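Below is one structure, written out as structure tokens, with a few remarks after it.
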Amino acid sequence: MRILIVDDTTTARVFAQKCLANIGLHDAEFIQAVHGLDALKKIRENPPDLILTDLIMPEMDGETLLKELKNDADLNHIPVLVVSSAANVARKDALMAMGALDVLPKPFSTTEIYNVLKIFLEPKEGSDAWGE
Amino acid sequence: MPGENDLFFIEHGQKRPHEATLTKVVRATFEKMGFMESEPTDENPVALNPLAAVIEILSPIRGKIFFSAPQHLGWTIAENLYGLEDLTLEVVGDMISELLNTITGSLLSELMPDQQFNLSIPRLCAAIPGGQGKTFIYHFNIDNNDIITIVLTDNDS
């Protein structure tokens with residue numbers, strides 16, 4: 001599984017990667033991007049299976065990244081989990097309507113991210129980890 | 001009638017408006033990111049050469065939130081979070097900015113759950129302000145050991 005973590009701070013990327021490893025994704029291949037534009041370039045080169053993105057970033061924010069992905073027929077199937085301290089109820093509703101997998105407020109715990117991603121961690125019989 | 005800067009004026013006259021909410025988000029942030037406990041305190045820190053950062057609230061209200069921590073606390077939190085001891089000042093500064101970003105976003109999400117808001121990218125700064133404009137100063141004791149300071153201000157300068 002390839003997971004792209006998009007955040008402009010190293011701390012947030014490292015923290016997210018640790019949480020993902022703690023919930024059983026330690027064997028995943030982690031890729032990092034520092035803003036939306038950087039992420040789009042990496043996604044188009046080699047699409048990941050899951051994207052975690054922050055909202056407030058320079059160059060291109062997470063909301064624009066989500067829009068770009070959902071408007072791209074080749075990429076709109078990739079689940080996008082938004083993780084942001086700016087994700088209150090109002091913004092969560094807007095992001096979910098745009099197609100986000102879920103919106104997790106920072107700071108999040110290992111348990112909280114597990115609850116969001118457990119559907120990907122418990123494959124059904126006869127299917128792969130992505131239920132396909 | 002409340003002004004545009006409701007965050008800072010709505011509880012005008014209180015010594016520390018939103019203290020309970022700020023305490024809640026500081027506790028959650030330090031517990032989840034730094035694996036540390038925090039409690040509000042009236043103690044005034046005397047840290048020399050602290051690590052400080054500022055973030056601007058751009059809309060729907062205007063203001064700034066400052067964060068300051070003793071140097072060694074910054075390094076300790078970063079070492080806990082990264083699981084490494086060989087860190088650089090750049091990494092520790094990045095971690096301070098992320099802590100401030102998380103605290104600010106969580107605070108505004110609690111205070112304005114039904115309104116979208118916009119923040120600047122946090123940046124490191126030399127010092128936190130004194131008392132210009134409408135300014136509220138909060139201190140938190142981290143792990144009964146070090147004191148951090150958070151300042152909410154409507155001062156735009």
Task: Relative contact order of chain A, defined on C-alpha pairs under 8 angstrom at six or more residues apart (%) - done: 22
Task: Cα gyration tensor shape for chain A, rounded if a/c is under 1.5, else prolate or oblate - done: rounded
Task: Burial ranking of peptide ranges A:114-120, A:14-20 (average Cβ count within 10 Å, highest at the top) - done: A:14-20, A:114-120
Open item on the list: Using only the heavy atoms of the protein chains and a 1.4 Å probe, how would B:Y82, B:Y138 rank by accessible area, largest first?
Closed with: B:Y82, B:Y138
Open item on the list: Past 30 Å, Cα to Cα: identify those pairs from A:K18/A:K70; A:K67/A:K106; B:K24/B:K64; A:K41/A:K92; A:K41/B:K64; A:K92/B:K24, in the order given.
Closed with: A:K41/B:K64
Open item on the list: For a quick check: with amide H placed at 1.01 Å from N, whose amide H comes under 5 Å from B:I147's, ignoring anything fewer than 5 positions away on the same chain?
Closed with: B:I142
Open item on the list: At 1.4 Å probe size, put B:D114, A:D7, A:D38, A:D49 in order of accessible surface, largest to smallest.
Closed with: B:D114, A:D49, A:D38, A:D7
Task: Where N is the number of residues in region A:73-119, Cα Rg divided by 2.2 N^0.38 Å - done: 1.18
- [ ] Using only atoms on other chains, find how many Cβ atoms lie within 10 Å of each Cβ of peptide B:28-41 and report the average.
- [x] 2
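The values are calculated or read from the model by the stated rules, or taken from the named source; none is laboratory data. The structure presented is a predicted model; accordingly, all values stated were derived computationally and were not measured. Glycine gets a Cβ as well: all are built from the backbone with ideal geometry, and neighbour counts include every protein chain shown. Just so you know, the surface numbers come from the protein's heavy atoms only, side chains and all, with ligands and any DNA or RNA stripped out. Shrake-Rupley method; radii C 1.70, N 1.55, O 1.52, S 1.80 Å.
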